[in-house]
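What follows is one structure encoded as structure tokens, with my remarks underneath.
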Amino acid sequence: MKIAINISAISYESDMDFSEFEGLGDVKFFGEIPRKELFSLCADREALIVNKVEVDEALLAACPELKYVGTFATGYNVVNIEACRRRGITVCNAPDYSTHSVSQHVFALLLNFYGQISKYASSVAAGDWIRSETFCYFPYPTYELYGKTFGVFGYGNIGKSVAKIAEAFGANVVISTRTPPKDCPYKVVDFEELLKVSDILSLHCPLTEKTANLIDAKALSLMKESAVLINTARGGLVDEAALADALNAGKIAGACLDTVAVEPMRADNPLYGAKNCVITPHVGWVPRETRKRLLGIVAGNLKAYIEGKPINVVS
């Protein structure tokens, strides 16, 4: 099989081993290249594995031999699923590879925000503690997670993991999801109620036509002024202009984001410099252990397809 793989989507300074793919066929590896060059490179390929590369009608038309598209991701919004279906192309994603790391990142963001860790560490580095007349100083207010209402929207693998960790911190967990969960140990509420009661709201759903701009001006108006929004899922879930307005006006207390609608982030993003907004550059999934797990899943997907027993097929 002739295979093309976007290695820049998963490897940093060649820290991943792609030899498992090399045993599956004739492989061309590529990094960040112009789209026209991509069309040429993939013209005779039967399998294409990408992450943030858009697999649209134009690319599919340029690759008449293509039979398989794999993603180095759980989300597959960059792939035109209907166009692939019409062409008989199998699409496979990588579920559950990042549950541990993304859950960890949710609380890294939140604990940094609640504990003002970055500000206090910077203060000490600047010599403020050395100059202090008392053993402790606390100009930046901090908060306990214990006893807070922790809202989780989306109850897949990551949502379940985040809920469990929040419970361990002593938070009161409430869930809202479009698919009613079975045997859920937490209170399940509708979306409007989730917005109203949550001290912390963490998003864990895919980006679809129904969830695009889920957090808009109306949703933000229902949240507590003390609420913190966390988004480690997809940037398109949030109306960024509305969120920036709410933050700058003090309508909610803060936002902790690991993703924005257009990545890399642009200088004109309204959240750039917004008040009480902490942003990391989509790194919740990048621990080396996580990426090794992802690599194994994606290689296993392709191997299963070649053997005629495809797994993790996007329906």
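The values are calculated or read from the model by the stated rules, or taken from the named source; none is laboratory data. These numbers were taken from a predicted model, which means no experiment stands behind them. Glycine also receives a Cβ, built like all others from the backbone with ideal geometry; neighbour counts cover every protein chain displayed. Quick note on the areas: whole protein, heavy atoms, side chains included, nothing else; ligands and nucleic acids left out. Shrake-Rupley method; radii C 1.70, N 1.55, O 1.52, S 1.80 Å.
Give the residue, chosen from GLY300, GLY284, GLY296, that is more than 25 Å from ASN80 (Cβ to Cβ), in a helix (DSSP H, G or I) and open to solvent by less than 80 Å² (accessible area, probe 1.4 Å).
Just a single option satisfies the conditions, and that option is GLY296.
For the stretch 256-268, give me each residue that is surrounded by fewer than 19 Cβ atoms within 10 Å (Cβ to Cβ) and without any contact (Cβ under 8 Å) to a residue 60 or more places away in the chain.
ALA261, VAL262, PRO264, MET265, ARG266, ALA267, ASP268
Show the residue pairs meeting these rules: Cβ distance below 6 Å; 6+ apart or different chains; first residue within the stretch 70-86 and among the aliphatic types (A, V, I, L, M); second residue in a helix (DSSP H, G or I) and open to solvent by less than 10 Å² (accessible area, probe 1.4 Å).
ALA83/LEU60
Return the total of residues in the stretch 259-273 being in contact with a helix residue (DSSP H, G or I) (Cβ under 6 Å, 6 or more places away or on another chain) and either closer than 18 Å to HIS105 by Cβ or of a type in the set (Gly, Ala, Ser) (or both). Can you show your working first?
Within the stretch 259-273, the first condition is being in contact with a helix residue (DSSP H, G or I) (Cβ under 6 Å, 6 or more places away or on another chain), and the residues that meet it are 259-261, 270-271.
So of that shortlist, the ones also either closer than 18 Å to HIS105 by Cβ or of a type in the set (Gly, Ala, Ser) (or both) come out as 259-261, 271.
Selection size over the stretch 259-273: 4.
With the structure loaded, tell me whether GLU20 is within 25 Å of GLY308 (Cα to Cα), more than 18 Å from the chain's Cα centre (by Cα) and of a type in the set (Asp, Glu) or whether it fails that test.
Considered against the rule, which asks whether it is within 25 Å of GLY308 (Cα to Cα), more than 18 Å from the chain's Cα centre (by Cα) and of a type in the set (Asp, Glu), GLU20 comes out as yes.
With the requirement that a residue be among the polar types (S, T, N, Q), surrounded by 19 or more Cβ atoms within 10 Å (Cβ to Cβ) and part of a helix (DSSP H, G or I), what does the stretch 112-166 give you? Full working, then the answer.
Filtering the stretch 112-166 for residues among the polar types (S, T, N, Q) gives 112, 116, 118, 122-123, 132, 134, 142, 149, 157, 161.
Imposing the further condition that a residue be surrounded by 19 or more Cβ atoms within 10 Å (Cβ to Cβ) reduces the set to 149, 161.
The answer is SER161, and nothing else.
If you take the residues in the stretch 138-167 that are farther than 15 Å from ILE200 by Cα and of a type in the set (Gly, Ala, Ser), which one is modelled with the lowest pLDDT?
Residue satisfying both the conditions and the ranking: GLY156.
Do you know which residues across the stretch 57-114 are among the basic types (Lys, Arg) and either modelled with pLDDT under 95 or under 25 Å from GLU209 (Cβ atoms) (or both)?
Passing the criteria: ARG85, ARG86, ARG87.
Counting residues that are open to solvent by 10 Å² or more (accessible area, probe 1.4 Å) and more than 18 Å from ALA171 (Cα to Cα), which helices (runs of 4 or more DSSP H) fully inside the stretch 187-255 reach at least 3?
Here the list reads 217-222, 240-248.
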